[in-house]
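The values are calculated or read from the model by the stated rules, or taken from the named source; none is laboratory data. As the structure is a prediction and not an experimental result, all values here were calculated from the model. Using ideal geometry, Cβ is built from the backbone for each residue, glycine included, and neighbour counts are taken over all protein chains shown.
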Amino acid sequence: MSSRSSNAVLAKARAMYGKCLKKEDYRQLAECKSVPEVSNYLKTRTSYSKALRGLIDNEIHRGQLEPLLKQDIYLDVYALSRYTSDNAAAVTDFVFSRLETDQIVRCLVMLSIGKPEKFALELPLLLDDFTPLSLKKLAAVRSYDDLLAALEHTKYYAVISENRPPEGQPADVAKIEIALNNRIYSSAMDAISKMNDKTDQKELKDLFNSTFDFENLERILRLKKYHNFNAETVRSMLIPFGKLNKRVIDEFCAADNINDVYELARTTYLGKHLSKLQYYDNTQISDALINAYCKHHLRLSPNPTIVMISYLYLKQIEIHNVVNLIEATRYGMSSDEKLKLPVV
């Protein structure tokens, strides 16, 4: 990447981050009494005004708002990718793929509960401009065969085909989601391994492997808290990458409870990260770890690709925060309770 392109990415990504929601925005959103109030605040007071333009606040609901917010990430990826090299652009495919997977999984969920037509009601068709995945074809899905046909010429077809359920039985959505995500992670690591610049390669591997460890830690804690799976089952539900070696991961999976997992984590490099975090619930750990890690890189790294990917992770966390606040508002939680939800 030329120095001019590098500087453009650094400046653009940091300028975009400067427009992200602040603590005061989250406080104002927590004070909202209804989803339309949240929508109106986002439209009139934040950078989401363009994505939400044309929405009628009194008619909007959480299911419509979430995909519209997520399309903002597509717009940012597109804006940043114009300044990047082919190698960096290959890594941004990771972000696009995760968002595409969200749509496929949502389609599967609607299909499994017998309401596939509802997928179309919450569809951000603007995303068709940024992805080879045909959202219109997904909207027409009424059976698993329809889903296979809609994805036939995409990179997701093999996973969907391999996990086709027996006749008359529902699809295992959780298993398919894990398989789709693992394919995305593998593609990202392959793209990084092919980079010519070894410094870029090392730094990107470190960033991705760290975030994979953060996500795996939260997943293990969640599975230990809410399910009684054995170690082998827990292991099968993890991302097959990361900086932690197999022995450590096996110890995490075999731990009797979440306290034991925490103690084990503190003996690894994760310990120094965990000691600096403030969070209210185990389900926030991954976002909290990624948030702190990527903020550090976005502010200090001279590597434009690292800064770009860090920004995109932070943007995903921001949207997760907003969606959680929307859900909490929908269920009438108090403003004090809602203020505990965002990871900032």
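Quick rundown of the values:
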{"quantity": "Residue 187 being within 16 Å of residue 100 (Cα to Cα) and part of a helix (DSSP H, G or I)", "calculated": "yes"}
{"quantity": "Scan of region 153-174 for residues that are closer than 18 Å to residue 97 by Cβ, at pLDDT below 95 and loosely packed, with under 13 Cβ neighbours inside 10 Å, ordered by number", "calculated": "153"}
{"quantity": "Residues located in region 28-44, provided they are in contact with an Asp or Glu (Cβ under 7 Å, 6 or more places away or on another chain) and surrounded by 20 or more Cβ atoms within 10 Å (Cβ to Cβ)", "calculated": "39"}
{"quantity": "Residues located in region 299-344, provided they are in the same structural domain as residue 73 (by TED's automatic domain parsing) and part of a loop (DSSP other than H, G, I, E, B)", "calculated": "331, 332, 333, 334, 339, 340, 341, 342, 343, 344"}
{"quantity": "Hey, residue 269 aromatic (Phe, Trp, Tyr) and modelled with pLDDT of 90 or more or not", "calculated": "yes"}
{"quantity": "Matching residues, region 175-189, being of a type in the set (Ser, Thr, Tyr) and crowded, with 17+ Cβ neighbours inside 10 Å", "calculated": "185"}
{"quantity": "Complete set of residues in region 186-227 that are over 24 Å from residue 254 (Cα atoms) and of a type in the set (Ser, Thr, Tyr)", "calculated": "186, 187, 193, 199"}
{"quantity": "Condition check for residue 307: at pLDDT below 95, surrounded by fewer than 20 Cβ atoms within 10 Å (Cβ to Cβ), on the phi < 0 side of the Ramachandran plot and of a type outside the set (S, T, N, Q)", "calculated": "no"}
{"quantity": "Of residues in region 190-236 being surrounded by fewer than 18 Cβ atoms within 10 Å (Cβ to Cβ) and among the hydrophobic types (A, V, I, L, M, F, W, C), the one modelled with the highest pLDDT", "calculated": "231"}
{"quantity": "Residue that is nearest to the chain's Cα centre (by Cα), among those in region 219-238 that are part of a helix (DSSP H, G or I) and of a type in the set (S, T, N, Q)", "calculated": "236"}
{"quantity": "The listed residue being polar (S, T, N, Q) and without any contact (Cβ under 8 Å) to a residue 12 or more places away in the chain, out of 245, 209", "calculated": "245"}
{"quantity": "Count of residues meeting criterion [of a type outside the set (A, V, I, L, M) and farther than 18 Å from residue 216 by Cβ] in region 170-186", "calculated": "2"}
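Results for (1) at pLDDT below 90; (2) within 21 Å of the chain's Cα centre (by Cα), shown as yes or no for each residue.
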{"position": "16", "(1), (2)": "no, yes"}
{"position": "20", "(1), (2)": "no, yes"}
{"position": "31", "(1), (2)": "no, no"}
{"position": "35", "(1), (2)": "yes, no"}
{"position": "48", "(1), (2)": "yes, yes"}
{"position": "63", "(1), (2)": "yes, yes"}
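Yes/no per residue for (1) hydroxyl-bearing (Ser, Thr, Tyr); (2) in contact with a helix residue (DSSP H, G or I) (Cβ under 6 Å, 6 or more places away or on another chain):
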position	(1), (2)
226	yes, no
234	no, yes
239	no, yes
248	no, no
251	no, yes
262	yes, no
271	no, no
275	yes, no
